[in-house]
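Asks: One structure is given below, represented as structure tokens, and several questions about it will come after.
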Amino acid sequence: MKVAVFAAPDKLLQIEQRPMPRAELGEIVLRVAYCGICGSDLHATEPSPSQVMAGTVLGHEFAGEVIESRAKGWAPGDRAIGIPVWPCDECRVEGECHERLGIHCPNSRILGMSPSVPGGYAEYVRIGGRQALRIPDGVDIQAAALAEPLAVGAHAVRMAGPLLGRRVLVVGAGPIGIAVVLFARSAGARDIVVSEINPIRRERAVSLGATAGLDPSADPIDTAFRNLAGGPPEVLFECVGAPGLLQQCIELAAVRACVVIVGVCRSEDRLMPRRAVIKELRLQFVLGYVPEDFALALDLLRTKGAAAMISRVIGFTELPDAFEALRRPNPYNKVLLDPSRP
């Protein structure tokens, strides 16, 4: 089968041929229909202590069709998405983490982040039957590849607490920022203002449910937000992960607001805790999702509007250059790999 392999930070992804995976007891093999390119894939292939190893087949946002099953409840032809968490050897017999820690278990591995658990930049991928969810009737399989980033947004919104009638600021209108917008709207937020420098992304956020978008390079964010929402933000989602943004959110937040840190800052950052103390802020860090978040994502996809997140679909030939291009500022939201294309 054809796969895209990470070789080194200074090299393009390598398109190679590898043997097809075979399902072991409790597992299924999917023919990958679509796999999203995630910001985590980009970060994981940059020089850092957490850089993935050479030989890794990336890709953890995939949807496909079962072609082989040794798992109860799954048969060839079933459509599925994968929760890309591979249980440790101790829990693998049970099929999932026995402590229900999932992605938070230090012994679990993420599909597409290690040579030992290849991901969805491939024609076929092997996953545990307990880590697969059925794609509901009426949900397009291309849109289903959005379930993983949508689940991240669902988890962030759930961890924020009640949003009904609240003033919300979302920093960043990438895929995760858009996912937060969609679920904040479902949770009943009164105002959902997105701060995004790229006008195309900003407009897309508004078209998908944000009440307004503001350009952080144009006017002071605090003034612009107050003019749009009538007061300071009561819940803030930092969805970028750049140094300085967490402190900026602390400065912008209303008294007793909640700041949800969704973006992963990969370098040291500096904070002034006194500003958060004075306001009695709640800082809520979040990571990934739980299976229930994927169920919410699939429910959201029934509405079909979320499919507008998809900006581009490419094949293996375009993948190496397109992958590198996404490291630079761009207007895209979600780019998908279609392994059936050349």
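Asks: If you check V157 against the conditions, is it modelled with pLDDT of 95 or more, outside any strand (DSSP E or B) and surrounded by 24 or more Cβ atoms within 10 Å (Cβ to Cβ)?
Replies: So V157 fits the description; yes.
Asks: Another question about this same structure. Would you point out which residue out of R312, R274, R328 is among the basic types (K, R), farther than 16 Å from A179 by Cβ and in contact (Cβ under 8 Å) with a residue 12 or more places away in the chain?
Replies: Just one listed residue meets the conditions, R312.
Asks: So A254 clears everything in (1) of a type outside the set (F, W, Y); (2) in contact (Cβ under 8 Å) with a residue 60 or more places away in the chain; (3) part of a loop (DSSP other than H, G, I, E, B); (4) exposed (fewer than 15 other Cβ atoms within 10 Å of the Cβ) except one condition, right? Which one?
Replies: The single condition A254 does not satisfy is (4).
Asks: Only one of these is hydrophobic (A, V, I, L, M, F, W, C) and either more than 30 Å from C35 (Cβ to Cβ) or not assigned by TED's automatic domain parsing to the domain that holds G165 (or both): V290, V240, V264, V260. Name it.
Replies: Criteria check complete, one pass: V290.
Asks: Out of R134, R166, I need the residue that is out of contact with any helix residue (DSSP H, G or I) (no Cβ under 6 Å at 6 or more places or on another chain), of a type in the set (D, E, K, R), surrounded by fewer than 24 Cβ atoms within 10 Å (Cβ to Cβ) and assigned by TED's automatic domain parsing to the domain that holds D215. Which one?
Replies: Every option except R166 fails the conditions.
Asks: In the stretch 18-76, what count of residues is obtained for those that are touching a Pro at 6+ places or on another chain (Cβ under 9 Å) and assigned to a helix (DSSP H, G or I)?
Replies: The number of residues fulfilling the criteria is 1.
Asks: Still on this structure, please answer the following. So is A80 at pLDDT 95 or above, under 19 Å from the mean Cα position of the chain (by Cα) and surrounded by 16 or more Cβ atoms within 10 Å (Cβ to Cβ) or not?
Replies: yes
Asks: Then there is this: Could you check, for the stretch 184-193, whether at least one of its residues is at pLDDT 95 or above, farther than 25 Å from I310 by Cβ and surrounded by 16 or more Cβ atoms within 10 Å (Cβ to Cβ)?
Replies: yes
Asks: Let me ask something else. With the requirement that a residue be surrounded by fewer than 15 Cβ atoms within 10 Å (Cβ to Cβ) and in contact (Cβ under 8 Å) with a residue 40 or more places away in the chain, what does the stretch 277-291 give you?
Replies: L287
Asks: Could you please tell me which pairs satisfy a Cβ distance under 6 Å, a separation of 6+ or placement on different chains, a first residue in the stretch 218-241 that is polar (S, T, N, Q), and a second residue that is surrounded by 20 or more Cβ atoms within 10 Å (Cβ to Cβ) and part of a helix (DSSP H, G or I)?
Replies: Between residues of the stretch 218-241 that are polar (S, T, N, Q) and residues that are surrounded by 20 or more Cβ atoms within 10 Å (Cβ to Cβ) and part of a helix (DSSP H, G or I), there is no close pair.
Asks: Please tell me if L228 is in a helix (DSSP H, G or I), at pLDDT 95 or above and buried (at least 23 other Cβ atoms within 10 Å of the Cβ).
Replies: When the stated conditions are applied, L228 does not pass them.
Asks: Would you confirm whether or not the stretch 321-335 contains a residue that is within 16 Å of D140 (Cα to Cα) and assigned to a helix (DSSP H, G or I)?
Replies: Looking for residues that are within 16 Å of D140 (Cα to Cα) and assigned to a helix (DSSP H, G or I), one finds none in the stretch 321-335, hence no.
Asks: Still on this model: Regarding the stretch 164-174, can at least one residue be identified that is in contact (Cβ under 8 Å) with a residue 12 or more places away in the chain and part of a helix (DSSP H, G or I)?
Replies: no
The values are calculated or read from the model by the stated rules, or taken from the named source; none is laboratory data. On a predicted model such as this, the values are computed, not experimentally measured, just so you know. Cβ: placed from backbone, ideal geometry, glycine included. Neighbour counts: every protein chain shown.
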